[in-house]
Amino acid sequence: MHAIVSVSDKAGIADFARSLQELDIEIFSTGGTKKSLELADVKVRGISELTGFPEILNGRVKTLHPAVHGGILAKRDLPQHLAELAQNHIETIDMVVVNLYPFVQTVTRGEVSLDEALENIDIGGPTLIRAAAKNFPSVLVIVDPRDYDKVTERLRQGNIDLKERKRLAQKAFQHVALYDTAIAQYLREEEFPEEMTVALKKSSALPYGENPHQQAALYIEQSLDREPAATTSATLLSGPEVSFNNLLDLDAALSVVSSFTKPTVTIIKHTNPCGLASHDDLTEAYRRALAGDPIAAFGGIVATNQTISLATATEINKSHYDIIIAPGYEEEAIELLRRKRKLRLLNFAAEQDSNKAHQLDFRRLSGGFLAQTPDFFTESEFKPKMVTNRQPNKAQWQDLFFAWRAVKHIKSNAIVIAKDEALLGMGAGQPSRVVSVELALKKAGDRAKGSVLASDAFFPFTDAIELVAKSGVTAIIQPGGSIRDEEVIAAANQCNIAMVFTGVRHFRH
């Protein structure tokens, strides 16, 4: 048997090559891999000995030769193929062990020139992998060092069946696809190109899916355009493993708290914030968030954008939650919260939002995906417009901005009632906007007096304005844009409610 071994990731390769040598498999190699194996006292021959042709163009052309690809691609059950190999003095290649130049690591390590990036695009490696994977019934292809031990064991048993060869081939094609996707991303300049692939890498299996009878796994997008996401890179400090639904709620929670610069706490239930508050004192922010809906908060997720102190942990510990996530914890806080064994504690690194506007948001459809840029605006882009006679005072402006940040994280039709930078009530996911208003007011109750309201889209009729006026809402922030805007503004003036138009809609389906 003959093997070609040429790897960028050299983890475990020396031990694997020694195993191949013990099995009387002759190894051909190139460049750095050849030197590495020779230093490990592995007998190895250069590719030039196989091809009878030197490496040229500074190593750009080494394995692109009929002596290599003929030996890989020949079908062993076709006498004509074997005769052509014999006629051209070509030996069969039975194994290809290759992984690729570190393109992603190169182009994401800072300022990298185009020339340097292009030099790290592997040509021979993908060609070897694809050729071997195409002929997998006869040629073993190995791209992942984690497969070395399994392959070695089966070679010693003399039994690598078609199923295992097919598994390795699938893995090989996927390895090249991931690599090519990264290169295409690097070269891409259009926001929405005519063709696009999304590269995903399995992070972990999950205990179950949205429901216990569904299987699930977590895949992380391999993208050059984004930092590691807080949700997928969060660290579990204690408690059971995180589930499918936990991850959905965690993503919603971190999206909420990252929208606020002041110390903020949110409590998430089924991806909606049932509690949310900002305050200079994090413990007080938590109390106000819990007061938003203490019944719905039971079994939810608590998230904050600040380190959790012992004082804050003591308050949180009085209620039952599934998860707490924060960018950090005081040691005493961790010791206290860890006493609840079923409570998951996670921490996360704050995300950098500098490139958020350039990332794409994908939504799965039956048979395809929708792609859009994120619902993301900088404060400098936010230009609210007063449209009523009454002007909000300073405290109302503060609450309006708080409510406007909050409403984009709630399912449409979304309504938020807020006061003193705390969520008092919300209506979510209703087909009728006025029903969402009714739900938000019902939850806020008597606390609605003196509050503000945010709506994720315009009011099509005056009924909601008249309804909130009876409950004591003093100011409204909404996108505007209805054909009945003038009627809605007139109703607000009649009810002595301040109204602000943003010109920006926050639908979330």
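The values are calculated or read from the model by the stated rules, or taken from the named source; none is laboratory data. Just so you know, these numbers come straight off a predicted model, no measurement behind them. As a convention, Cβ positions derive from the backbone with ideal geometry for all residues, glycine included, and neighbour counts pool all protein chains shown.
Residue pairs whose Cβ atoms lie under 7 Å apart, separated by 6 or more positions or on different chains, with the first residue in segment 480-492 and outside any loop (DSSP other than H, G, I, E, B) and the second among the small types (Gly, Ala, Ser) and surrounded by 15 or more Cβ atoms within 10 Å (Cβ to Cβ), are Val488/Ser482. Here Lys443, Lys449 are screened, and the one residue that is touching a Gly at 6+ places or on another chain (Cβ under 7 Å), outside the structural domain of Glu284 (by TED's automatic domain parsing), among the basic types (Lys, Arg) and in contact (Cβ under 8 Å) with a residue 40 or more places away in the chain is Lys443. All of Thr197, Thr232, Thr271, Thr264 fail the test of being farther than 25 Å from Leu360 by Cβ and either within 18 Å of the chain's Cα centre (by Cα) or outside the structural domain of Arg130 (by TED's automatic domain parsing) (or both), apart from Thr264. Filtered by the rule that a residue be more than 16 Å from Tyr101 (Cβ to Cβ), under 38 Å from the mean Cα position of the chain (by Cα) and not in a loop (DSSP other than H, G, I, E, B), segment 5-33 gives Ala14, Asp15, Phe16, Ala17. In segment 49-65, the residue that is surrounded by the fewest Cβ atoms within 10 Å (Cβ to Cβ) out of those that are touching a helix residue (DSSP H, G or I) at 6+ places or on another chain (Cβ under 8 Å) and in a helix (DSSP H, G or I) is Thr51. When segment 66-89 is filtered for residues that are more than 14 Å from Gly124 (Cα to Cα) and part of a helix (DSSP H, G or I), the ones remaining, listed by number, are Gly70, Gly71, Leu73, Pro79, Gln80, His81, Leu82, Ala83, Glu84, Leu85, Ala86, Gln87.
Would you mind stating whether Asp161 is in contact (Cβ under 8 Å) with a residue 12 or more places away in the chain and acidic (Asp, Glu)? No: the conditions fail for Asp161.
Conditions tested, residue by residue: (1) surrounded by 10 or more Cβ atoms within 10 Å (Cβ to Cβ); (2) modelled with pLDDT of 70 or more.
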{"site": "Glu351", "(1), (2)": "yes, no"}
{"site": "Phe362", "(1), (2)": "yes, yes"}
{"site": "Leu365", "(1), (2)": "no, yes"}
{"site": "Gly368", "(1), (2)": "no, yes"}
{"site": "Ala371", "(1), (2)": "yes, yes"}
{"site": "Glu381", "(1), (2)": "no, no"}
{"site": "Asn389", "(1), (2)": "yes, yes"}
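The set of residues in segment 184-222 being assigned to a helix (DSSP H, G or I) and either at pLDDT 90 or above or among the charged types (D, E, K, R) (or both) consists of Ala184 alone.
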